[in-house]
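Heads up, the thing below is written out as structure tokens.
Here, each number is a calculation from the coordinates, and none is a lab measurement. Just so it is clear, the structure is predicted and the values come from calculations on it, not from any experiment. When we count neighbours, we look across all protein chains shown, and the Cβ atoms used for this are built from the backbone with ideal geometry, even at glycine.
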Amino acid sequence: MTQPRGSTLAIVIAVAIGFRLAPYLLHSFGLQIDPNDTLYPWNFSPILPLCLFGAACYASRSAAFLAPLAIYLAGDLGIWLLTGRTDWAFYGEQPVLYLSVALVVACGLFLRRQRSWPRIAAAGLGSAIVFFVVSNFGVWALGDGVRYPLNMAGLVDCYVQAIPFFRNTLLSMALFLPLLFSPLALRRSALAQARGLA
């Protein structure tokens, strides 16, 4: 296992927060980007792949769980500061979203003993499905029936409407997992650990 240096972890967190805040920065410059608009590639981000990577590679399990939750919390605070919209930064289903992120990290624990490409792909697909199912259940269950009626038809509609977000999550996994788990990245981690730098 590798233990990330504080500076490395800070850079990774900063980049991930940048991805989280990018649409809201664009919105603050006058572009009409709304969290409900599927034209923007929502959920295309390295955050969930980083959850898997951290769970698989960091010696500290607490860092693997706390880093992505810190990214989401900092992102939510940043959204509030950028837009002044408390409904975009703090919303009813937020605890379920945080739970979904923690479940993605838990899926990454499957990779701690052995990291093969089939296992990485299975963890990526499985965690994307878990995130999709749990987070959208929260949107439906905690939305007070405003957007989706609190019945089976409303639940199905919630999942159907979230398919573009799920597609973007899968694309993120397909792009960022091979980068994070590439032989070059893992070799550098192993060398850094051997030198006492990681």
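Please give the contour-minus-distance gain from residue 179 to residue 59: 0.36 nm per residue of separation, less the Cα-Cα distance, rounded to one decimal in nm. Write down the numbers at each step before the final one.
Working: separation 120, 0.36 × 120 = 43.20 nm, distance 1.99 nm.
Full extension from residue 179 to residue 59 adds 41.2 nm.
What does the extension gain come out to for residue 86 and residue 31, with contour length at 0.36 nm per residue minus their alpha carbon separation?
Between residue 86 and residue 31, full extension yields 17.9 nm more.
Mind ordering 54-61, 142-149, 42-49, 14-21 by average Cβ neighbours within 10 Å, highest first?
Ranked by mean Cβ neighbours within 10 Å, highest first: 42-49, 54-61, 14-21, 142-149.
List the residues whose amide H sits under 5 Å from the amide H of residue 58, counting only those 5 or more places along or on another chain, with H placed 1.01 Å from N in the peptide plane.
Excluding prolines and chain starts, which carry no amide H, the hits are 2.
Please give, to one decimal in nm, the separation of the simple spin-label points placed at residue 115 and residue 151, each 7 Å out from Cα toward the Cβ.
4.9
Take every Cα pair under 8 Å in segment 86-142 that's 6+ residues apart, average their separations, divide by the length, and report that relative contact order as a whole percent.
Over segment 86-142, the number comes to 52 percent.
To the nearest 0.05, how large is the calculated FRET efficiency for residue 160 and residue 129 if R₀ is 25 Å and r is the Cβ-Cβ distance?
Efficiency, rounded to the nearest 0.05: 0.95.
Can you tell me the equivalent ellipsoid semi-axes for segment 51-187? Use √(5λ) from the Cα gyration tensor, largest first, whole Å.
After diagonalising the Cα gyration tensor, the semi-axes are 29, 18, 13 Å.
Between residue 102 and residue 14, what is 0.36 nm times their sequence separation minus the Cα-Cα distance? Round to one decimal in nm. Each step should come with its number before you reach the end.
Working: separation 88, 0.36 × 88 = 31.68 nm, distance 1.91 nm.
In short, 29.8 nm is gained.
Any idea which of 68, 23, 152 is furthest toward the positive side of the dipole for segment 23-171, if Lys and Arg beta-carbons carry +1 and Asp and Glu beta-carbons -1?
The residue sitting most towards the positive pole is 68.
How compact and how long is segment 42-98, expressed as Rg and Dmax of its alpha-carbon atoms in Å?
Computed over the Cα atoms of segment 42-98, radius of gyration and Dmax are 12.8, 38 Å.
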